[in-house]
Amino acid sequence: MAGPPVGLGVLVSVDIKEDRIEDFLKAMRVDALGSRDKSLDPGCLRFDVLRSREVPNRFFFYEAYTGADTHAQHRETAHFKVWGDFKATGAVEKQEVVKLDTASIPGGWAFQADSAPSSRARSAVFVTADIKADRIDDFLKVMEVDVTKSRDKALDPGCLRFDLLRYQEQPNRFMFYEAYLDDDTAAQHKTTDHYKAWADFKASGGVESQTVLKAEAASIPGGWGFQASVAQVGSIEMPLLGFGTYKVGALPASASGATDAPPPPSGPEVCNQVIKDALQTGYRMFDCAQFYMNEAWIGDAWRAAGVPRESLFFSSKVWNDTIYKGPDAVKAQVDKALAELQCGYIDLMLVHWPVPGKHVAAYNALRECKAAGKVKEIGISNYTIEDYEELKAAGAFGNAGADRPTMNQIEVNPLLFRKKTIGFFKQEGVHVQSYRGLMNGPKAWEHPAVKEVSTEIGRTPSQVLGRFLVQQGISHVPKASAASRMAQNAEVFGFELSAAQMEKLSGLTTPEALENFKALYAKCIWRDTPQAGDPLLGERTLAEPAVNLHSQRPPLGTCSAAGFPQEA
């Protein structure tokens, strides 16, 4: 998908002293992740760190900015200072900088806007080509074909990125930045018709000279080197876009609306078809739960589809009745989920609701499952700040925070956008995942603000709502029964919402919506336990940071009389 013009692109090559490479990577992780955060570095369009495949202590930074002014702003940030301080220690043996842009390439196709679905770029190249001055127009026509078709997953499935940039000081010199899953898919690219267009142009004598630098990001620990549409959840990566499995083939007895709404189609055949369609659409993360009553069917479905386990991400959640029974029941449920999903290990296991007096023990049981290798990471769902702080005070985060919750799954959408809560967990380093990101479906999509943004950018309401989430790093797990709707919901990475549109959508939460949330929370923390219907036990003093999501954490605020945070 074509993106905004790059007013200034920078390719930096650095040789690092061998005994300082580990320190270098620590510094660059801060710089790269900070640069990708729109709240910290709004003019940065791309920041990749790759390693030379030919000189092991040589690294490349590929940076793209809207213009020279936003690049200058980047150099004033705290994350850039971390890199600057590292350089000042004398650990950089050599540095070269090349300045480029796409703004001088007509048509707006040269820069790829959306991030790749994977950070595992095992094969990347920077190709520099000097084009004969009288052949530049022909070259650009050919490259438009090669670049745009390389981004088409149906034609070139292993290509993660393909940008074309122009040297600012040498107008006939161009750079291709290409990234692939691995060497095999890079080789497959060279068998395509769109690559042949470029090869034919070269054969015609239009290229005066060409150099190739080979690089990769796979050997950079932690998976952060290559910018992708994934979230870092503790030690593992999770796709920012997943598939929700609530009410897929089964309807829990205490499900919201279960008694006053027509039930969806049910049974293992229904579940099998939905999961099969989701996999064919491209979904690889599946949001599962004990409460959903369909994990065994999901296990059968993905196994029948023949998709490799290592390409999938499964999250699951332990339900209230099990949490209430205690740690042994929680550990038994993890074993049951493993058996039903047939997945060998669970990527992420969550406590579904913070059942009062019980959830800390449940979380500690998940810590034991993590230590046993049954689950890779653990987290929480529907937690307020105070529930999280209760875990912390009980010592459930472990030594040096090794068992800190990696994710909190909560309802997030424009009609329930709890800025303070989202901001708090962001500052704590806990990833936020949204459920009910599409609100309550088509009826809610008629909201004037949603319709207005949808019309302005020519996207469906579901795509606007999904983009609203992933653009701010909140993962999104929409569900659908029709393959066409699944595909539509997945198209959230090829465009951006403007700052004004994001502001408009983030300001729709009403006091009534917050009151409804409070009532639902009070109901659901006891749901399906012997204490169902009980009120909250006494009042609590709840703390909230300031409204600004991205500022340093300020003094703690106040709460409502009901013991819930005053959201804004």
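The values are calculated or read from the model by the stated rules, or taken from the named source; none is laboratory data. These numbers come from a predicted model, not from an experiment. Cβ: placed from backbone, ideal geometry, glycine included. Neighbour counts: every protein chain shown. Remember, those area values only see protein heavy atoms, side chains included, never the ligands or the DNA or RNA. Shrake-Rupley method; radii C 1.70, N 1.55, O 1.52, S 1.80 Å.
Picking from residues in region 386-400 that are in a loop (DSSP other than H, G, I, E, B) and open to solvent by 40 Å² or more (accessible area, probe 1.4 Å), the one that is nearest to ASN320 (Cα to Cα) is ALA394. Restricting region 68-88 to residues that are more than 19 Å from LYS26 (Cα to Cα), out of contact with any Leu (no Cβ under 7 Å at 6 or more places or on another chain) and of a type outside the set (A, V, I, L, M, F, W, C) leaves a set whose member that is least open to solvent (accessible area, probe 1.4 Å) is THR70. The set of residues in region 44-66 being open to solvent by 40 Å² or more (accessible area, probe 1.4 Å) and of a type in the set (S, T, N, Q) consists of THR66 alone.
Yes or no, residue by residue, for (1) touching an Asp or Glu at 6+ places or on another chain (Cβ under 8 Å); (2) within 30 Å of VAL147 (Cβ to Cβ); (3) at pLDDT below 95:
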{"position": "ASP23", "(1), (2), (3)": "no, no, no"}
{"position": "LEU33", "(1), (2), (3)": "no, yes, yes"}
{"position": "LEU40", "(1), (2), (3)": "no, yes, yes"}
{"position": "ARG51", "(1), (2), (3)": "yes, yes, no"}
{"position": "GLN73", "(1), (2), (3)": "yes, yes, no"}
{"position": "LYS81", "(1), (2), (3)": "no, no, no"}
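Any residue at all in region 175-196 that is in contact with a strand residue (DSSP E or B) (Cβ under 6 Å, 6 or more places away or on another chain), within 21 Å of ARG58 (Cα to Cα) and assigned to a helix (DSSP H, G or I)? Checked against the condition, which is being in contact with a strand residue (DSSP E or B) (Cβ under 6 Å, 6 or more places away or on another chain), within 21 Å of ARG58 (Cα to Cα) and assigned to a helix (DSSP H, G or I), region 175-196 yields at least one hit. Looking at region 137-158 only, could you name the residues that are buried (at least 16 other Cβ atoms within 10 Å of the Cβ), out of contact with any helix residue (DSSP H, G or I) (no Cβ under 7 Å at 6 or more places or on another chain) and not hydrophobic (A, V, I, L, M, F, W, C)? Across region 137-158, the qualifying residues are GLU144, THR148, ARG151.
Can you name every residue in region 202-245 that is open to solvent by 60 Å² or more (accessible area, probe 1.4 Å) and part of a strand (DSSP E or B)? Once the filter is applied, which keeps residues that are open to solvent by 60 Å² or more (accessible area, probe 1.4 Å) and part of a strand (DSSP E or B), region 202-245 yields GLU208, GLN210, THR211, VAL212, LEU213, LYS214, GLN232. The C-beta contact set for region 67-80 (first residue in contact (Cβ under 8 Å) with a residue 40 or more places away in the chain, second residue open to solvent by 50 Å² or more (accessible area, probe 1.4 Å), distance under 6 angstrom, 6+ apart or interchain) comprises HIS79/VAL30. In this entry, ALA339 passes the filter for residues that are closer than 25 Å to LYS276 by Cα, of a type outside the set (D, E, K, R) and not in a loop (DSSP other than H, G, I, E, B).
Note on region 105-136: residues that are open to solvent by less than 20 Å² (accessible area, probe 1.4 Å), among the hydrophobic types (A, V, I, L, M, F, W, C) and under 22 Å from the mean Cα position of the chain (by Cα) amount to 4.
Identify the residue in region 1-29 that is β-branched (Val, Ile, Thr) and buried (at least 17 other Cβ atoms within 10 Å of the Cβ) and, among all such residues, is nearest to GLU496 (Cα to Cα). That would be VAL6. Candidates ARG166, ARG161: the one that is part of a strand (DSSP E or B) and either among the small types (Gly, Ala, Ser) or open to solvent by 30 Å² or more (accessible area, probe 1.4 Å) (or both) is ARG166. If you filter region 355-385 down to residues that are among the hydrophobic types (A, V, I, L, M, F, W, C) and not in a helix (DSSP H, G or I), you find that the one that is nearest to CYS343 (Cα to Cα) is VAL375. Pairs are defined by a Cβ separation below 6 Å, a sequence spacing of at least 6 or placement on different chains, a first member in region 347-364 that is under 13 Å from GLU390 (Cα atoms) and of a type in the set (A, V, I, L, M), and a second member that is open to solvent by 20 Å² or more (accessible area, probe 1.4 Å) and assigned to a helix (DSSP H, G or I); the pairs so defined are VAL355/TYR324; ALA361/PRO327.
Of the helices (runs of 4 or more DSSP H) lying entirely inside region 436-502, those containing at least 3 residues that are in contact with a Leu (Cβ under 8 Å, 6 or more places away or on another chain) and either open to solvent by 20 Å² or more (accessible area, probe 1.4 Å) or not charged (D, E, K, R) (or both) are 448-457, 461-470.
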